[in-house]
Structures are given as structure tokens and as C-alpha cells.
1. Starting from the stretch 35-53, keep only residues that are more than 16 Å from residue 65 (Cβ to Cβ) and without any contact (Cβ under 8 Å) to a residue 24 or more places away in the chain, then list their pairs with residues that are basic (Lys, Arg) and surrounded by fewer than 24 Cβ atoms within 10 Å (Cβ to Cβ) whose Cβ atoms are within a distance under 6 Å, requiring at least 6 positions of separation or different chains.
2. Out of 106, 124, report the one residue that is surrounded by 22 or more Cβ atoms within 10 Å (Cβ to Cβ) and at negative phi.
3. How many residues does the stretch 83-105 hold that are within 14 Å of the chain's Cα centre (by Cα), closer than 20 Å to residue 36 by Cα and either of a type outside the set (A, V, I, L, M) or in a loop (DSSP other than H, G, I, E, B) (or both)?
Amino acid sequence: MADISIEVTVNGRMRRATVEPRLTLADFLRERCQLTGTHLGCEHGVCGACTVLLDGQAVRGCLVFAVQADGGEVTTVEGIAADDGTLSTVQQAFREHHGLQCGFCTPGFVTSVTAFLRDNPSPTDEEIREGLSGNLCRCTGYQGILAAVRAAASTTNTGTSNAANINEEAR
């Protein structure tokens, strides 16, 4: 198969490349864009470590081909923080509420939670669990992760979020 030229806006920056049709979006981000925050775990869409936002929707980077993102806008975990490096509401909550341990799954969780809270800013615990059911963690036991999501939702809803508001986080 012939290579295909694509143009993708990644974290606000236009990226042009010629790619093999079977190159995954996760591999494109890691290898061509040098954005290694998107982690590859299972490469079957089960673990959620490769979650990125494609046109605002959380998708598994290992299941989407780079050519499918042509003309689209991708936000990776590196694009969630403010341009000056200030952590987003979600990132800050994960930090403060021990929502990470080894950190391997964290980028996928942060990206998923960013989209989840944009769409459901006042979730119940049951909705949080359902919303995160596509992300797996082998270290934390999920209590810190759930506390982080609750805190991020609470901070956003009380208007005390830091520089990167949840609406901006989904770019």
C-alpha cells in the first residue's frame, strides 16, 4: 500500500506527515511527534493508557489509524496543561489526591477524565466509575483516582480551578 499524506493539529500545532495506512495514531504521536506521554499498554483498546482526544472525543490511540485523524485535532496529555506549564484542574487533582502510583496509566486517565468532566461536570460516584471503566490501573486500587475525579469536579463546579479550566482542557 502506498503511503498517505496527512495533516493533523496536535496540541494546537499543525503536523504534516506521510504515513503508512496502518500506522496507529498512538505510534504517530510517539514516533513522529515525539509525544511519548501517550502510552502503549495492551495495544487492543482494553487498558486505556493510549487515550487521547480526537476532535474532543476520547479515543484509544492504539485503535485509530493516523490517517483517520487527517484533518482532525488531537489533544494528548502533553496538551492538557496550560501553555505556561500550569497543571490543569484534573492533573492537579491527580497530584493532590494520589491518583497515580507508577504513572503508566495516568496519561490515559487524565485525558479520559478531562473529556468525561467536560461532558458530565457533576458526576455521581457511580457515573465516575462507569466513565472510567475503560481505563485500567494495576497499582492504586482506584481510591485515589476516584478521589481525584471528585476533587476535579468539585473544583470546576465551585469556580476555583486553576489557569486551565475544564472547558479549555478539551481544546
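1. Every condition considered, the pairs that remain are 36/30.
2. Exactly one of 106, 124 is surrounded by 22 or more Cβ atoms within 10 Å (Cβ to Cβ) and at negative phi, namely 106.
3. Final tally of qualifying residues: 7.
Bear in mind these aren't lab numbers, they're just calculated from the coordinates by the rules spelled out. Remember, predicted model here, so these are calculated numbers, not experimental data. Ideal geometry is used to build each Cβ from the backbone, glycine not excepted, and the neighbour counts take in all protein chains shown.
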